[in-house]
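Have a look at the structure below before the remarks.
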Amino acid sequence: MDYLLLIFPIATFIVLFYKAKIAPLGTYIEDGWDYDTSRSLFGIAAVFIMHHHMTQCITGYGWNYKGPITIFNSIGLLFTSIFFFFSGFGLMVSLSEKKDYMKTFLAHRLVSVLVPFFVANVFYIPYCMLFTDRIQTVGEFITSVTGFTLMNKNAWFVVEITFLYLAFFVAEKLTKNRVVMVSILTVITVCIIFMSLSLGDDTTRVSGYWFKGAWWYNTTILFPVGLWFGLFKHRVMAFFKRFLIAIELISILVFGILLHEHLRIWQPFYLDSIMCIAFVMILLGIVLKVRIGNPVLRFIGKISYELYLIHGVYLMCFGFGLALPDLPMFAIVFALSFATAALLTPLDKRIIKRMLNL
């Protein structure tokens, strides 16, 4: 039964590489780091994060071995690093290439991030009120509904990326020197990392306070890495093309060593961050040689944000709540998450469009 669970990651890999095209020897995918590629990678990252959370559920966060899929208990941070890197990369590329990008930046970014969060949050209210003890007072209800405490702990990314978007906006207003701007954002990100590190884990009954837990800081450094890559996009891409084999070999070596240690012991967070940087470097090299893209992948990319936000409620219901057998639980959570995300995405877009047109 444990080996049957591999159906899900295998199917994900098939979707990722279905109809993929390899660039001929000596050539590269010139737009390998473009918006379409990043959107497709967002979709796959969201699906693998679902694998991660469901594996945590069935293994008791790694204590119970469930066959090869158990590895997903420990590697969710790799896929979160994709979100952070391409978020930072996309911001800088858009700033450089789109005229008047900052005129509507703040409204567009905040509405696009927060509307799906609040819509998805509605799904968590009944479960948390009926089946958990995290909402016991009016104050806790208000903070939960408004997101000041997180019913959906996976939504920590929403809080952090919102702060980073605000920092991006402020930094751009402070200086038009892009190097200084990205330097300021790097310092701000490092400060957020160490602030979160100093706060420690959240052991409260509410268990949803901001900036508490390793997931708040172990991948965040990929955001400024993405900013720097976006700032010097053409130079960095030229460097990758010239030294691709060396970059990939070094990245694979560093990644392999640190992943081995990550799976064996609880290593310091900065080694996890370096591991995630190496993972993203490997990925950047791959998409310079392999053109990914197919209708299924594009569809998942379009609903990736809603998929990321909504799957937790079904996992709470059918995994942690009803404790269904592993295979049916995986299938039900996947099916309901995809169906709900597909329905919510156009709704969110409609609300976002109306709010931006006010």
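All of the numbers you see were taken from the coordinates with simple rules; none came from a lab. From a predicted model like this one, the values you see are computed outputs, not experimental measurements. Virtual Cβ from ideal backbone geometry, glycine too; neighbours counted across all protein chains shown.
Below is a table of values for the structure above.
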{"read-out": "Highest-MSF residue in the chain out of LYS233, LYS176, LYS289 [GNM, Cα springs under 10 Å]", "value": "LYS176"}
{"read-out": "Added length on full extension, which subtracts the Cα-Cα distance from 0.36 nm per residue, LEU356 to TYR270", "value": "27.1 nm"}
{"read-out": "Highest-MSF residue in the chain out of THR70, THR219, THR132 [GNM, Cα springs under 10 Å]", "value": "THR132"}
{"read-out": "Charge dipole (the stretch 15-98, unit charges on Cβ, about Cα centre) - positive-most of ASN64, GLY88, LEU77", "value": "ASN64"}
{"read-out": "Solvent-free Debye scattering, log10 I(q)/I(0), computed from the Cα coordinates of the chain at q = 0.09, 0.13, 0.15 Å⁻¹", "value": "-0.50, -1.13, -1.57"}
{"read-out": "Label point distance in nm, TYR65-GLU30, each placed 7 Å from Cα along Cα→Cβ", "value": "5.2"}
{"read-out": "Sites TYR209 and VAL170 - FRET efficiency at Förster radius 22 Å, r taken between beta-carbons, to 0.05", "value": "0.35"}
{"read-out": "Residue (of HIS51, ILE125, LEU344) at the positive-pole extreme of the chain, dipole from beta-carbon charges", "value": "LEU344"}
{"read-out": "GLN136 paired with ALA335, simple spin-label distance in nm, labels 7 Å along Cα-to-beta-carbon", "value": "3.8"}
{"read-out": "Exposure proxy order (Cβ contacts within 10 Å, fewest to most) of CYS57, CYS276", "value": "CYS57, CYS276"}
{"read-out": "From phi via Karplus (6.51, -1.76, 1.60), per-residue ³J(HN,Hα) for the stretch 295-312 in Hz, x at Gly/Pro", "value": "x, 5, 5, 5, 5, 4, x, 5, 9, 4, 5, 5, 4, 4, 6, 8, 5, x"}
{"read-out": "Given LYS98/LYS289; LYS99/LYS233; LYS103/LYS153; LYS21/LYS241, the pairs whose alpha carbons are separated by over 28 Å", "value": "LYS103/LYS153"}
{"read-out": "Relative exposure of THR149, THR203, THR12, judged by other C-beta atoms within 10 Å (fewest first)", "value": "THR203, THR12, THR149"}
{"read-out": "Label-to-label distance, nm, for residues given as LEU199 and HIS108 (7 Å Cα→Cβ offset)", "value": "3.0"}
{"read-out": "Which of SER183, SER304 has the fewest Cβ neighbours within 10 Å, and the rest in rising order", "value": "SER183, SER304"}
{"read-out": "Contour excess over end-to-end distance, with Cα ends at LYS21 and VAL190 and 0.36 nm allotted per residue", "value": "57.0 nm"}
{"read-out": "Segment ILE252-LEU327, length gained on full extension (0.36 nm per residue, minus Cα span)", "value": "23.8 nm"}
{"read-out": "Cβ-Cβ FRET estimate between TYR3 and VAL296, R0 fixed at 25 Å, reported to 0.05", "value": "0.55"}
{"read-out": "Cα gyration tensor category, rounded, prolate or oblate, for the stretch 259-311 with a/c compared to 1.5", "value": "oblate"}
{"read-out": "Residue with peak Gaussian network fluctuation, the chain [Cα springs, cutoff 10 Å], from ARG178, ARG298, ARG39", "value": "ARG178"}
{"read-out": "Those aspartates and glutamates that a straight Cα-Cα span of less than 17 Å connects to LYS302, excepting residues fewer than 8 apart in one chain", "value": "ASP34, ASP36, ASP348"}
{"read-out": "Alpha-carbon centroid distance for the pair the stretch 63-102 / the stretch 271-334, whole angstrom", "value": "10"}
{"read-out": "Cβ-derived FRET efficiency at R0 30 Å, LYS233 paired with LEU263, nearest 0.05", "value": "0.35"}
{"read-out": "Rounded, prolate or oblate (a/c below 1.5 giving rounded, otherwise prolate when a/b exceeds b/c) for the stretch 89-231 by Cα gyration tensor", "value": "prolate"}
